[in-house]
1. Listed residues A:GLN84, A:GLN91; which is in contact with a strand residue (DSSP E or B) (Cβ under 9 Å, 6 or more places away or on another chain) and either charged (D, E, K, R) or open to solvent by 20 Å² or more (accessible area, probe 1.4 Å) (or both)?
2. For region A:26-55, give me each residue that is surrounded by fewer than 11 Cβ atoms within 10 Å (Cβ to Cβ) and assigned to a loop (DSSP other than H, G, I, E, B).
3. Being at pLDDT 95 or above and farther than 21 Å from A:PHE140 by Cβ is the requirement here; does A:GLN91 meet it?
4. In region A:218-238, what residues are crowded, with 24+ Cβ neighbours inside 10 Å and of a type outside the set (S, T, N, Q)?
5. Only residues that are in a loop (DSSP other than H, G, I, E, B) and either over 15 Å from the mean Cα position of the chain (by Cα) or facing another protein chain (nearest Cβ under 8 Å) (or both): list them for region B:56-91, please.
6. Mind checking which residues of region B:104-143 are touching a strand residue (DSSP E or B) at 6+ places or on another chain (Cβ under 9 Å) and open to solvent by 50 Å² or more (accessible area, probe 1.4 Å)?
7. Taking A:HIS270, is it in contact (Cβ under 8 Å) with a residue 12 or more places away in the chain and open to solvent by 40 Å² or more (accessible area, probe 1.4 Å)?
8. So A:ASP77 clears everything in (1) open to solvent by 80 Å² or more (accessible area, probe 1.4 Å); (2) modelled with pLDDT of 90 or more; (3) more than 21 Å from A:PRO133 (Cβ to Cβ) except one condition, right? Which one?
Amino acid sequence: MQNLLPDKIETLDREHWKYSNIKAALKKLETTEAPAVWEMTGAFDYLVPSGENIVHITIPKNKQIDQPIELTFKGEDGKRYMGQVVIEVEQGASVKFIERQTGAGAYWKNLDMHISVGKNASVEFYRLCEEDPFCVVTEFMTIDLERDARFRACAINGCSGFGRNEFTVNINGENAEADLSGLALLRGKQHGDTTVCVNHIKPHGRSSQFFKTILKDQSRGVYQGKIHVFKDAQKTDGYQLSNNLLLSQQAEMDIKPELEIYADDVKCSHGSTTGELDETPMFYLRSRGIPEDKARQLLIEAFVGEVLEKIPCECVRTMFDERVKLWLK
Amino acid sequence: MLIIKNLTAEIDGKQILNGLDLEIPSGEVHAIMGPNGAGKSTLSYVLSGRDGYEVTGGSAELDGVDLLSLDPNERAAAGLFLAFQYPVEIPGVQMTNFLKTALNSIRKAKGQDEIEALDFLKLLKAKQKDLGIADEMLKRAVNVGFSGGEKKRNEVLQMAMLEPKFCILDETDSGLDIDALKVVADGVNRLRAKDRSFLVITHYQRLLDYIVPDVVHVLAGGKIVKTGGPELAKELEAKGYAELVA
């Protein structure tokens, strides 16, 4: 397990964790170590036996799997889990995953997820985090893309007390494509951190980051997004956008967009907005007889809709849509 | 019938309306013309209840209902409709859903049941046909990607669907070419009825060739300074506002 481990916390890169005080979050928890148990559906044919807390999945060459493979990880009160999932998608294969994080109580899940996407292979990865508001969930995803590989991820994060969802994408082959999007729904005193780094190492790569946050009460959101274009990665097309909606005066959003570019023929852009609901569309809707609450609901649904409509898989889109509507109520 | 008495209003502490009096009986179309800064748009926003427009005195009643004490959505339920000068784009809110939500909100406020899905579609089909609005337009988000003409036709479509008692058309002619103007004006004229009145706010006389008013008012310095028949609009077009405002 290469990523975050308990003994590494003391030596965390401070700049990288500036907005998210993981130490303080873990201090509040009293947990005992427990083995990580994943419930899986649809993956049995592809599971490779491995050690405790580690799941290996290999999708063989040119295999096309339409039905999403579901990975569910349930947390229990007072437990601490260190888990690892290694997914290898071989050349020309195509697969979808749904990762569900659930549980009740105060616990810490610390996960390391590694996905390698072979030549011309395609992966859709959907993460749905429906956690208990007292838990800590830290998840570190590393995605390695070979030539012509495609990776698409959408993460709906809500309800963990303290959450850090980190993506590191390495474009190791030419003409590979990564499309990352997500929605963080925060309330109470929740802390939701999305940290992304896309490393464009080879030329002609495309990457997109599109993340939104809705903050209620005294919640705090963090988005750190980096596009790192290496010297050889000419003709890179990198895009990054973060839109955040504050529904409370006490909520706080920290955003750190970063572009680090060493190649001279690339197209990269980033942008971010944070604010309350616009008065102008609100007035327009109300002038048509729509009461304030309903108008607000329509505008918030529209805000999240922009993320959800990017999900090509209809069954996932419907599932995420229901989850989000439930939260909005 | 709309009755406005001695209405005063300000924005950011600056007084814009200075004791405006206006009566518009049911079934009539009145036009308000006036130079820039006269308070035309302020009047439309004050009547529809937009935030930031503070009423400091006077009254406005629609069929005996005190508009100024109501929220914007309650004013709509009371029968007021404002056709915006610049209709607002709302990404992510689909047209049909928007129209249905608006119609049902108003029905609910009036104590009526929600409209049946099939009846709604029938009603919508009939109204959109009159205005030459394609199905494709209703699948889009509200006003997003609409041309200037489509946005104004969309305002008239909403008016037709919601069947208000009193409509304000705020510079509906702005940004329209002559063909689009005719379509919009025809749509409005079709809605003229015994129990419905209109206030047409415009800079130019041109619109009034197509929506012929019963009465023309001149607004300057935040109040009505002159009232006459349709010929007043032609007179203004010829002479300009300078003489009247002076």
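1. The unique qualifying residue is A:GLN84.
2. Result: A:GLU30, A:PRO35, A:PRO49, A:GLY51, A:GLU52.
3. yes
4. A:GLY221, A:TYR223, A:GLY225, A:ILE227, A:VAL229, A:GLY238, listed by residue number.
5. Matches in region B:56-91: B:ASP63, B:GLY64, B:LEU70, B:ASP71, B:PHE84, B:PRO87, B:VAL88, B:GLU89.
6. Once the filter is applied, which keeps residues that are touching a strand residue (DSSP E or B) at 6+ places or on another chain (Cβ under 9 Å) and open to solvent by 50 Å² or more (accessible area, probe 1.4 Å), region B:104-143 yields B:LYS139, B:ARG140.
7. So A:HIS270 fits the description; yes.
8. Every condition holds for A:ASP77 apart from (3).
The values are calculated or read from the model by the stated rules, or taken from the named source; none is laboratory data. Because the structure is a prediction, the values reported are computed rather than measured. When we count neighbours, we look across all protein chains shown, and the Cβ atoms used for this are built from the backbone with ideal geometry, even at glycine. With ligands, DNA and RNA removed, areas are computed over all heavy atoms of the protein, side chains included. Shrake-Rupley method; radii C 1.70, N 1.55, O 1.52, S 1.80 Å.
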